[in-house]
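To start, the structure under review is shown below, and the notes come after it.
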Amino acid sequence: MNCPLCNAQNEDIIYENTLFRIVLVDEIPGYIRVITQKHIKEFSELSDDEAVEIITAVKKTEKAMIEFLKPDKINIASLGNMVPHLHIHMIPRYENDPWWPGATFCEKQREYSYPPFDEKKYKEAIKSCF
Ligand SMILES: [Zn+2]
C-alpha cells in the first residue's frame with residue numbers, strides 16, 4: 001500500500017503504543033499529529049474502546065499543549081482527504097499567527113514570530129501524560 005503514514009520514516013515520535021503514535025510536526029512550532037498505527041480511513045472503524053483511548057489521548061495532549069505553550073486556541077482536525085489514514089491534527093494557534101482567525105490551510109494573512117519554546121521539554125511534557 002502506498003500510504004505515507006503506513007510507510008512513514010524519520011517521524012519525530014513523542015509517544016507510541018500499539019494503537020496510536022503522537023508525532024511532532026515541524027511545519028508549525030508545537031504542531032502535533034496523533035496517528036493510528038493501523039491503516040483505517042474513518043474514526044468509526046475503531047472499536048469503542050479504541051475510540052475512547054484515542055480521544056482521551058487527544059484530550060491529554062491538548063491539556064499539555066495548553067499548559068506548555070499557552071496558545072490562544074488549540075485547533076483539532078481530522079481530514080484525511082489526501083491521506084486516507086486516520087490522523088488527528090493538533091495545532092496551537094495564536095491570535096496574531098499567520099492564518100488567524102482562519103484555519104492553517106487558508107492563505108497566510110501576515111508574518112508572525114512564534115513564541116520560543118524548548119522542544120525537548122515540550123516533548124517530555126506531552127510524553128509524561130502517558
Ligand atoms: Zn496508512
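Read-outs throughout are calculated quantities, based only on the coordinates presented, and are distinct from any laboratory measurement. Since we're looking at a predicted model, the values are computed, not measured. Virtual Cβ from ideal backbone geometry, glycine too; neighbours counted across all protein chains shown.
Footprinting exposure proxy ranking of Thr104, Thr56, Thr61, Thr18, fewest other C-beta atoms within 10 angstrom first, gives Thr18, Thr56, Thr104, Thr61.
Normalising the average separation of contacting C-alpha pairs (under 8 angstrom, six or more residues apart) by the number of residues puts the relative contact order of the chain at 24 percent. Take the Cα of Glu45, step 7 Å toward its Cβ, do the same at Phe117, and the gap between the two points is 3.0 nm.
Put a dot 7 Å past the Cα of Lys63, heading toward its Cβ, do the same for Met1, and the two dots end up 3.2 nm apart.
With contributions of -39500 (n - 2.57) from each DSSP H run of at least four residues, the per-residue ellipticity at 222 nm computed over the chain stands at -8000 deg cm²/dmol.
So for segment 1-78, what percent of the C-alpha to C-alpha distances run longer than 17 Å? Tail of the P(r) past 17 Å holds 48 percent of the pairs. The Kirkwood hydrodynamic radius of the chain, based on inverse pair distances between different Cα atoms, is 15.4 Å.
Exposure proxy ranking for Met82, Met65, based on other Cβ atoms within 10 angstrom of each Cβ and starting from the fewest, stands as Met82, Met65. Here the residues Tyr114, Tyr15, ranked from fewest to most Cβ neighbours within 10 Å of their Cβ, fall in the order Tyr114, Tyr15.
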